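A.B. asks: I am attaching a structure below and will ask some questions about it afterwards.
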2 protein chains.
Amino acid sequence: MFSQAEENYIKAIYALDTKTKKGVSTNLIAEKMQTKASSVTDMLQKLSEKRLVIYKKYQGVQLSTKGKKIAASVVRKHRLWETFLVNKLNFSWDEVHDIAEQLEHIKSEKLIDELAVFLENPTHDPHGDPIPDKNGELPSIEKIILATLQVNESGICVGVQDSSSKFLQFLDKQGIALGQKITVIAKEPFDDSLTIKIENRELSISQKIAHNLYVQLK
Amino acid sequence: MFSQAEENYIKAIYALDTKTKKGVSTNLIAEKMQTKASSVTDMLQKLSEKRLVIYKKYQGVQLSTKGKKIAASVVRKHRLWETFLVNKLNFSWDEVHDIAEQLEHIKSEKLIDELAVFLENPTHDPHGDPIPDKNGELPSIEKIILATLQVNESGICVGVQDSSSKFLQFLDKQGIALGQKITVIAKEPFDDSLTIKIENRELSISQKIAHNLYVQLK
DNA sequence: TCTAATTTTTAGACAAGTCTAAAAATATTT
DNA sequence: AAATATTTTTAGACTTGTCTAAAAATTAGA
């Protein structure tokens, strides 16, 4: 069994590991976890002894196979709990992260199995992020950044790149939600803003917004 | 905010505080929490500084008003989560304790409020134990130990005194469950065992069993 | 009531996880 | 390629919660 601290470090490495060969740097992890580099080094050495990460001094870390399994399991728990909070307890999508951060560390395999069944085995959480299955496999859908759509192209809004409360609340205010069809009406070259049609309304969104929304081509 | 350890000690004192004037002893708490008396003393001094307990060296402890509020809130969370596990996730009543021990420490007032609504504001958990309301008030029903019933008296089974897995599984095996009507057919003076009628079956139960079941008189 | 047994507290140590400050290694710049 | 800047690691300290062993207080017994 692993401590909450260990699980959190593993999750951070998992999130920062960008499939490139190179390991994740100590400072990156420290920033992500709001902690100090020296604390990270201590933990990396501990995780390395437990064979959860592959770590060479000064060379960054990567998750081992075992580490990846644990990371996927923690992410699975986190996203299932977020789904529970939104679908069953009437939370909005900008309120669930901190609570799921706590719930993800509850130890019980049966609890998570039953929760998944209760939620009807969701494949994506309320932010559109994929939920790993029991074996740690991610369901993959081809989603692209809204900003990359051409004029007259359209797609279904399926996720967010930035899942901060601020951004999610902004989307709520604009009436933008997952599942909606978005068509690009015009692109403004000057500031890269977009005019989009969504749910029969026309909306102008900034370049920044367009870079933080995912759509799935139809 | 309080640590899990602090909450656990407060909960233990709450459970052991038997309404008599006298404080709860260090050893009793140590036994309940499976820890050492010296650890208990350390924690009592800490809780005392935080004004959560009233503690005088060598004289035992009692919860302060603030301590009682916290205890009730932790118990409320525990019992609501047990109810969730049984009613929504298909757990049986002998499987939920350890998981609820973890879930009771999740920090979020809204989570508990919404959970209570989702469960339709239950007043009792799956073992028949009362769930404190938001203000820490316990719903009181007059329940008595089955063993105290006279021959020909009857009542509804509403709770258990011993909620260990072993006992609960025994009740399952015997087909005894909360909500069932129990009538005492006979009492055996030799060993204080009872013959009862329950759900149209006749059953002989030992003195020990009869002392661990609560019934409500009709 | 005075001694013996029991309970409780203190003192000091340990593990996990964090921090600061300093040292060591790596990366960058000229 | 040498000097400088940056990143990472080490060393030592601190907090929380635990333990063992010894001391102090209370309770029980003769």
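A.B. asks: Can you compute the charge dipole magnitude of chain B about its Cα centre, using +1 on each Lys and Arg Cβ and -1 on each Asp and Glu Cβ, nothing else charged? Give it in debye, rounded to the nearest 20.
C.D. replies: Details: 30 positive and 29 negative charges, 185 e Å.
Dipole size: approximately 880 debye.
A.B. asks: Angle between the Cα long axis of helix A:165-174 and the longest principal axis of chain A, 0 to 90 degrees, nearest 10?
C.D. replies: That helix lies at roughly 20 degrees to the long axis.
A.B. asks: Something else: Name the chymotrypsin sites (Phe, Trp or Tyr not before Pro) in the stretch A:117-201 that are in a loop by DSSP and that have at most 10 other C-beta atoms within 10 Å, would you? Each step should come with its number before you reach the end.
C.D. replies: Numbers: sites: A:Phe118, A:Phe167, A:Phe170, A:Phe190; in loops: A:Phe190.
Filter output for the stretch A:117-201: A:Phe190.
A.B. asks: Pull up the cross-link candidates among the aspartates and glutamates for A:Lys50, meaning alpha carbon to alpha carbon under 15 Å and not fewer than 8 places away within one chain.
C.D. replies: Leaving aside aspartates and glutamates fewer than 8 places away in the same chain, those within reach of A:Lys50 are A:Glu6, A:Glu7, A:Asp42.
A.B. asks: Turning to a different aspect of this structure: Based on a Kirkwood Rh over C-alpha pairs, give the Stokes-Einstein translational diffusion coefficient of the stretch B:4-63 at 10 °C and viscosity 1.306 mPa s in µm²/s. Don't skip to the answer; put the middle values down first.
C.D. replies: Details: Rh = 11.1 Å.
Estimated via Stokes-Einstein, D reaches 143 µm²/s.
A.B. asks: Cut-off under 30 Å on the C-alpha distance; same-chain residues fewer than 8 positions from B:Lys57 excluded. Which lysines are left, in chain and number order?
C.D. replies: Candidates past the 8-residue exclusion: B:Lys11, B:Lys19, B:Lys21, B:Lys22, B:Lys32, B:Lys36, B:Lys46, B:Lys66, B:Lys68, B:Lys69.
A.B. asks: Tell me the Kirkwood hydrodynamic radius of the stretch B:111-188 in angstroms, computed as one over the mean inverse distance between distinct C-alpha pairs. It would help to have the intermediate numbers written out before the result.
C.D. replies: On the way: mean 1/r = 0.0688 Å⁻¹.
Radius from the Kirkwood sum: 14.5 Å.
A.B. asks: Report the rotationally averaged projected area of the stretch A:80-124 based on its alpha-carbon convex hull, in square nanometres.
C.D. replies: On the way: hull surface 12.1 nm².
In nm², the orientation-averaged hull projection of the stretch A:80-124 is 3.0.
A.B. asks: In nm, one decimal, shortest first: how far is the label point of B:Gln169 (7 Å from Cα along Cα to beta carbon) from the matching points in the other copies?
C.D. replies: The projected label point of B:Gln169 is separated from its counterparts by 5.0 nm.
A.B. asks: Now for a separate question. Averaging the inverse of every distinct alpha carbon separation and then flipping it gives the Kirkwood radius. What is it for the protein assembly as shown, in angstrom units? Each step should come with its number before you reach the end.
C.D. replies: Values: mean 1/r = 0.0388 Å⁻¹.
Final number for the Kirkwood radius of the protein assembly as shown is 25.8 Å.
A.B. asks: Okay, moving on. Using only Cα atoms, tell me the angle between helix B:4-16 and the longest principal axis of chain B; keep it within 0 to 90° and round to the nearest 10.
C.D. replies: Approximately 50 degrees, to the nearest 10.
A.B. asks: On to the next question. For B:Ser206, place a label point 7 Å from Cα along the Cα-to-Cβ direction in every copy; what are the distances to the other copies, in nm, shortest first?
C.D. replies: 7.3
A.B. asks: Moving on. In terms of Cα to Cα distance under 18 Å, which lysines are near enough to B:Lys187, apart from those fewer than 8 places away along the same chain?
C.D. replies: Within reach: B:Lys197, B:Lys208.
A.B. asks: Let me spell out the model: positive unit charges on the Cβ of Lys and Arg, negative unit charges on the Cβ of Asp and Glu, origin at the Cα centre of the protein assembly as shown. What dipole size does that give, in debye rounded to 20? The partial results should precede the final answer.
C.D. replies: Values: 60 positive and 58 negative charges, 252 e Å.
Taking the Cα centre of the protein assembly as shown as origin, the dipole is about 1220 debye.
A.B. asks: Right, another one. P(r) of the stretch B:50-100 in 5 Å steps, Cα pairs, percent per bin?
C.D. replies: Percent of pairs per bin, in order: 5, 20, 18, 13, 11, 12, 11, 7, 3, 1.
A.B. asks: Can you list, bin by bin at 10 Å, the percent of alpha carbon pairs in the stretch A:143-217, starting at 0?
C.D. replies: Calculated over all Cα pairs of the stretch A:143-217, the distribution is 21, 61, 17, 0 percent.
A.B. asks: Can I ask one more? Which number do you get for Rg(Cα) / (2.2 N^0.38 Å) in chain B? Let's see the in-between values first.
C.D. replies: Working: Rg = 19.2 Å, N = 218, 2.2 N^0.38 = 17.0 Å.
Output field value: 1.13.
A.B. asks: Charges at C-beta only: +1 for Lys and Arg, -1 for Asp and Glu. How large is the resulting dipole of the stretch B:143-217 about its Cα centre, in Debye rounded to 20? It would help to have the intermediate numbers written out before the result.
C.D. replies: Details: 8 positive and 8 negative charges, 32 e Å.
Computed charge dipole of the stretch B:143-217: roughly 160 debye.
A.B. asks: What are the extents of the Cα atoms of the stretch B:1-106 along their three principal axes, listed from largest to smallest and rounded to whole Å?
C.D. replies: The Cα atoms of the stretch B:1-106 stretch 46, 26, 24 Å along their principal axes.
Rule-based calculations on the coordinates, nothing more; no lab input. This is a predicted model, so every value here is computed, not measured. Neighbour counts run over all protein chains shown; Cβ positions are idealised from the backbone, glycine included.
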